[in-house]
Ligand SMILES: [Zn+2]
Ligand SMILES: [Zn+2]
């Protein structure tokens, strides 16, 4: 005869099997979470107050990955040509520094193009 208690126990065991143990995806948080695979954050980091921060971080990361610019701090009051090195292939290229403009490309004309950049990196990794 099945008592109510044994039914609960059976359910408990079945749920346990479907659950995955993993670590909270929040930066520097090593809290273990047990969930069905969808959960990414521990109890604490699921709270609303972290939403903004998590979203912001994601956004910032994307910005950085796609950023083909570099910041050059200078105080020239007239346009000055400056030699830069492509952050991808290292080739020299000339950029024109303009007064009060601090954002400049960090890749040569060729590698401003993301596709060409990826091609270059692939080729280099083969060697
Ligand atoms: Zn956490
Ligand atoms: Zn380049």
Would you check which residues across segment 87-112 are touching a strand residue (DSSP E or B) at 6+ places or on another chain (Cβ under 6 Å), part of a loop (DSSP other than H, G, I, E, B) and within 13 Å of ligand 2 (Cβ to nearest atom) and list them?
106, 108, 112
If you go through 27, 74, 111, 115, the only one that is modelled with pLDDT of 90 or more and touching a helix residue (DSSP H, G or I) at 6+ places or on another chain (Cβ under 8 Å) is 111
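The values are calculated or read from the model by the stated rules, or taken from the named source; none is laboratory data. Since we're looking at a predicted model, the values are computed, not measured. Ideal geometry is used to build each Cβ from the backbone, glycine not excepted, and the neighbour counts take in all protein chains shown.
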